[in-house]
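Working notes, beginning with the structure itself.
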Amino acid sequence: MRLEWLLRIKNALDLMEERMQQPLDIDEIAKAAYSSPFHFQRMFHMLTGVTVAEYVRKRRLTLAAQELSLSSAKVLDVAFKYGYDSPESFSKAFRRVHGISPSEARSPGVNLKAFPRITFHLSLKGDQEMDYKIIEKAAFTVIGKSIQVTTKNGDNLREIPKFWNELNADGTSDQIHALGTGDDILGICLDFKHGEEKFTYLIAAEGSEDVATANGLESRTIPASTWAVFTSIGPMPHSIQKVWQRIFQEWFPASNYEHSGGPELEVYTMGDSHAEDYRSEVWIPIKKK
């Protein structure tokens, strides 16, 4: 199963390389991997650390830099060739990656950045058990506070911990937990906008819309879903990060499920989050392939 998934990813990468001079069509790319667009993009991001859009953008700018340094092609022509609608937007993106302007790329001995094509190698795993369960849960309401984050350049990995620190420091997370109806506090990723590389992150607890309104909090409805629930035992954040990694590197490629596109949950119990026996969970909405 993992080898089959690896081959599908390779097919998608081949198609991306063939179409570097064409508009990004995520539906066609996902189809090459026999996957839904959402599941493919989520898998790609979790496996590589970059979004599909970011990968394609960096590959295009790598190819553009090579073309400028090795040919006499006009900057305007290269910009249009690799999908930029103006020299200004091309120059801005080029400088962000290479640190110089497109015209400076022609200078002898100039340093350019290269973002190589991603390749995957088969790694045999499975020697370590992975605890999970499949559950059905009806729609439920959560209350809390949220921020908009972007996955560009890994900004979400910095902004979400910062957000937790802020809400813990000012007592908001304690308030959310006290107003909730459950024993746990949740970290929820939702409203994924892969084309814009954005999503919403919500620190929340199960509760009612009336309670949220009365206390200046947001309320959101988490839709009814089939969930794959994975247990994490160990200190934060390393333990749960490892679980996330194994879900996408090992569990999904070896299962008959794919991501359904709904919100993702992290469930945090009360207690010492740095303890060796600290328990948390990852909830992923799934559907049959």
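The values are calculated or read from the model by the stated rules, or taken from the named source; none is laboratory data. All of these numbers come straight from a predicted model, not from anything done at the bench. Cβ placement follows ideal geometry from the backbone for every residue including glycine, while neighbour counts extend to all protein chains displayed. Heads up: the accessible areas ignore ligands, DNA and RNA and are worked out on the full protein's heavy atoms, side chains in. Shrake-Rupley method; radii C 1.70, N 1.55, O 1.52, S 1.80 Å.
Search region 31-43 for residues that are under 14 Å from Leu13 (Cβ atoms) and pair each with any residue that is open to solvent by 30 Å² or more (accessible area, probe 1.4 Å) and not basic (Lys, Arg) when their beta-carbon atoms are under 8 Å apart and the residues are at least 6 apart or on different chains.
Ala32/Asn11; Ala32/Asp14; Ala33/Asn11; Phe40/Ile26; Gln41/Ile26; Gln41/His194
Only one of these conditions is not met by Ala30: (1) farther than 30 Å from Ile284 by Cα; (2) open to solvent by less than 20 Å² (accessible area, probe 1.4 Å); (3) among the aliphatic types (A, V, I, L, M). Which number is it?
Looking at each condition in turn, Ala30 falls short on (1).
What is the number of the single condition among (1) in a helix (DSSP H, G or I); (2) modelled with pLDDT of 95 or more that Glu250 does not meet?
For Glu250, the exception is condition (2).
Of the numbered conditions (1) open to solvent by 40 Å² or more (accessible area, probe 1.4 Å); (2) more than 20 Å from Gln249 (Cβ to Cβ), Gly49 fails exactly one; give the number of that condition.
So the condition that Gly49 fails would be (2).
Give the residue that is most open to solvent (accessible area, probe 1.4 Å), with candidates limited to residues of region 154-172 that are touching a residue at least 12 places away in the same chain (Cβ under 8 Å) and within 24 Å of the chain's Cα centre (by Cα).
Kept after step one, since they are touching a residue at least 12 places away in the same chain (Cβ under 8 Å), are these residues of region 154-172: 154, 156, 159-161, 163-164, 167, 172.
Adding the requirement that they be within 24 Å of the chain's Cα centre (by Cα) leaves 154, 156, 159-161, 163-164, 167.
Details: Gly154: 16, Asn156: 18, Glu159: 80, Ile160: 25, Pro161: 63, Phe163: 17, Trp164: 44, Leu167: 13 Å².
Filtering region 154-172 for residues that are touching a residue at least 12 places away in the same chain (Cβ under 8 Å) and within 24 Å of the chain's Cα centre (by Cα), the one most open to solvent (accessible area, probe 1.4 Å) comes out as Glu159.
State whether the residues of region 206-213 include one that is of a type in the set (Gly, Ala, Ser), part of a strand (DSSP E or B) and out of contact with any Asp or Glu (no Cβ under 7 Å at 6 or more places or on another chain).
So in region 206-213, the residues of a type in the set (Gly, Ala, Ser) come out as 207-208, 212.
Right, trim to part of a strand (DSSP E or B) and you get none.
Checking region 206-213: not a single residue is of a type in the set (Gly, Ala, Ser), part of a strand (DSSP E or B) and out of contact with any Asp or Glu (no Cβ under 7 Å at 6 or more places or on another chain).
Does region 62-74 contain any residue that is outside any helix (DSSP H, G or I), of a type in the set (Lys, Arg) and surrounded by fewer than 20 Cβ atoms within 10 Å (Cβ to Cβ)?
Within region 62-74, one or more residues are outside any helix (DSSP H, G or I), of a type in the set (Lys, Arg) and surrounded by fewer than 20 Cβ atoms within 10 Å (Cβ to Cβ).
Residues of region 6-25 being in a helix (DSSP H, G or I), surrounded by fewer than 18 Cβ atoms within 10 Å (Cβ to Cβ) and touching a residue at least 40 places away in the same chain (Cβ under 8 Å), which ones?
Selection gives Leu6, Lys10, Glu17.
Just one of (1) free of Cβ contacts under 8 Å to residues at least 24 places away in the same chain; (2) assigned to a loop (DSSP other than H, G, I, E, B); (3) among the small types (Gly, Ala, Ser); (4) surrounded by 13 or more Cβ atoms within 10 Å (Cβ to Cβ) trips up Gly109, so point out which.
Among (1) free of Cβ contacts under 8 Å to residues at least 24 places away in the same chain; (2) assigned to a loop (DSSP other than H, G, I, E, B); (3) among the small types (Gly, Ala, Ser); (4) surrounded by 13 or more Cβ atoms within 10 Å (Cβ to Cβ), the lone unmet condition for Gly109 is (4).
Assuming Gly195 fulfils every condition listed in (1) open to solvent by less than 70 Å² (accessible area, probe 1.4 Å); (2) among the small types (Gly, Ala, Ser); (3) modelled with pLDDT under 95 apart from one, which condition is it?
Result: Gly195 passes all but (1).
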